[in-house]
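Worksheet for the structure shown next.
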């Protein structure tokens, strides 16, 4: 995937394994696609990371996402984990945030196989089920009413900024970047 941009802030770069782990453990991600009209579209989705791919679902009814996927299969998927906001300098604008984020670049496909859709939803419910409510497990009577997508990942990038210890934050340490 030579046409993908390189990470500008190499000092914040996570390893590919750490970025993949964030994708595996993340709660909600954002899927970005581009339509035939050239406009980008981003939608937040719950997802699972399985078999080295990102799996999501949406309604079977044709909409913005499906039109974009049918137009162009290149997409990216972002997950982040925000942390605490902290000051690093003496001006209000000298503020940052601790975070971790990962972006996966790849090609999306519609997964039509009932067995794969069933496996996706079993993984999905394992990830997101809050507690046992005594309902039948692994029963998905509306599989024909949803579209399941899988993103084959070609490249993952990740960035992070750790929360500095108190003695490395302003006013203990002044890292002001604004003009003096």
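Paramagnetic label reach from residue 126 (point 7 Å along Cα→Cβ; backbone nitrogen cut-off under 14 Å): within region 142-166, no residues. Estimated at 0.36 nm per residue, the fully extended path between residue 8 and residue 39 surpasses their Cα-Cα distance by 8.8 nm. Going from the fewest other Cβ atoms within 10 Å to the most, the residues 76, 93 appear in the order 93, 76. A prolate overall shape is assigned to region 1-106, the ratio a/c of its alpha-carbon gyration tensor axes (a ≥ b ≥ c) being 1.5 or greater and a/b exceeding b/c.
Considering only 80, 37, 17, the mean-square fluctuation computed in a Gaussian network model of the chain, springs between alpha carbons under 10 angstrom, is largest for 37.
Cα centroid separation, region 64-91 to region 132-156: 22 Å.
Entry note, the chain: the mean residue ellipticity at 222 nm calculated from DSSP H runs of n ≥ 4, each adding -39500 (n - 2.57), is -5500 deg cm²/dmol after division by the residues and rounding to the nearest 500. Under the shape rule built on the C-alpha gyration tensor, where the axes satisfy a ≥ b ≥ c, the chain is prolate, since a/c reaches at least 1.5 and a/b is greater than b/c. Our summary gives region 55-116 a relative contact order of 34 percent, counting only alpha carbon pairs under 8 angstrom and 6 or more residues apart. A Gaussian network model of the chain, with springs between Cα atoms under 10 Å, assigns the largest mean-square fluctuation among 123, 33, 59 to 59.
When 170, 55 are arranged by Cβ crowding within 10 Å, least crowded first, meaning fewest neighbours, the order is 170, 55.
Footprinting exposure proxy ranking of 100, 131, 142, fewest other C-beta atoms within 10 angstrom first, gives 131, 142, 100. Helix 16-25 and the longest principal axis of the Cα set of the chain meet at an angle near 60°. How far is helix 114-128 tilted, in degrees, relative to the longest principal axis of the Cα atoms in the chain, given as a value from 0 to 90 rounded to the nearest 10? It works out to around 40 degrees.
Using C-alpha pairs below 8 Å separated by at least 6 residues, the relative contact order for the chain is 30 percent.
A short reminder: the numbers here are calculations on the coordinates, not readings from a lab. Values in this document were obtained by computation on a predicted structure and should not be read as measured data. Cβ: placed from backbone, ideal geometry, glycine included. Neighbour counts: every protein chain shown.
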